[in-house]
Amino acid sequence: MPGKPNPVARLFWTAAIGCPFGLWYGPPAFAATGLALTLVLMRHLGRPRRFRARVRRIARAHAETLALRRRQESFSDAYGNRIEDGWLRERAYFLDRTVLPQIGPRFADLAESERNRMLAIVEAEAAAVALPEEDEAPGDGIDYERYCAERLARAGWRAHRTPPSGDQGADIVAVRDGLRLIVQCKRLAKPVGNAAVQEAAAALRYWAGDRAAVVSNAGFTPAARRLAAATGVLLLHHDALDDIDLAGAHRS
């Protein structure tokens, strides 16, 4: 495998070169050869530790973002169970798209065997960040719409809630810097499905918006994520309303 060190070859050539010197120069040369063999072996055995240290440095550089995503992608369902499916997907995404490309081919042989340890490192770095207390989102759907509109307004949007009937899938129409954002709000005890994404995409056309978003407290199903990727609908936790980047990616 390219980039994978061969400790057997290193040990062989160290011994092959060192032993003749030992025969010629005696005990000091044998001692030097033994020391060289020990260093080669120790360096190889220390590779997993160095690999994990590098993963930890990368995760620590993104710790605050990871902590926020951890909070956004975890919720309690109606039965009091802690649901972290979205966060588990986020951890894997971070490893595959951020950590492994930075690690490079030198440690490629450890990527699979060390994956669980890498996930644990990401979890630990995210959990170590003390985030500010988040606002308690209302449990009622109408109140949740009002809450989202208020957060958009605090972020500089002119946010208006649509009428309760005939909204065609839009709960909020928000305008800032000439951009028109169509928002559907979902306060649920389970991840939002792709029906909400379909409705938001339809509302975008009906309300002549520039972008559409589905905002929720509870994350999104894989089907919703795939449809959002195809339609350009933003998938947001309500915490993200404080700083929406309409030019950015819509992955959530």
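Taking residues in the stretch 82-98 that are under 11 Å from L66 (Cα atoms), and partners anywhere that are among the hydroxyl-bearing types (S, T, Y), the pairs with Cβ atoms closer than 6 Å and at least 6 places apart or on different chains are W87/S74. The set of residues from the stretch 171-183 being touching a residue at least 12 places away in the same chain (Cβ under 8 Å) and either surrounded by fewer than 24 Cβ atoms within 10 Å (Cβ to Cβ) or in a strand (DSSP E or B) (or both) comprises I172, V173, A174, V175, R176, L179, R180, L181, I182, V183.
With respect to the conditions (1) surrounded by 15 or more Cβ atoms within 10 Å (Cβ to Cβ); (2) of a type outside the set (F, W, Y); (3) more than 23 Å from the chain's Cα centre (by Cα); (4) at pLDDT below 95, P164 falls short on a single one, namely (1).
Only one of the numbered conditions (1) in contact with a strand residue (DSSP E or B) (Cβ under 9 Å, 6 or more places away or on another chain); (2) crowded, with 18+ Cβ neighbours inside 10 Å; (3) within 21 Å of I83 (Cβ to Cβ); (4) among the hydrophobic types (A, V, I, L, M, F, W, C) is not met by L227, and that is (1). Checking each residue in the stretch 184-206 for being farther than 16 Å from P138 by Cα, part of a loop (DSSP other than H, G, I, E, B) and out of contact with any Ser or Thr (no Cβ under 8 Å at 6 or more places or on another chain) picks out no residue at all. When the stretch 46-79 is examined, which residues are found to be surrounded by fewer than 17 Cβ atoms within 10 Å (Cβ to Cβ) and in a loop (DSSP other than H, G, I, E, B)? Of everything in the stretch 46-79, those that are surrounded by fewer than 17 Cβ atoms within 10 Å (Cβ to Cβ) and in a loop (DSSP other than H, G, I, E, B) turn out to be G46, H62, D77, A78, Y79.
For (1) touching a strand residue (DSSP E or B) at 6+ places or on another chain (Cβ under 9 Å); (2) at pLDDT 80 or above; (3) outside any loop (DSSP other than H, G, I, E, B), each residue gets a yes or a no:
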site: T98; (1), (2), (3): no, yes, yes
site: R106; (1), (2), (3): no, no, yes
site: V122; (1), (2), (3): no, yes, yes
site: A126; (1), (2), (3): no, yes, yes
site: V129; (1), (2), (3): no, yes, no
site: P132; (1), (2), (3): no, no, no
site: E136; (1), (2), (3): no, no, no
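The values are calculated or read from the model by the stated rules, or taken from the named source; none is laboratory data. No experiment lies behind these values; they were computed from the predicted model shown. No Cβ is skipped: glycine too gets one built from the backbone with ideal geometry, and neighbour counts run over all protein chains shown.
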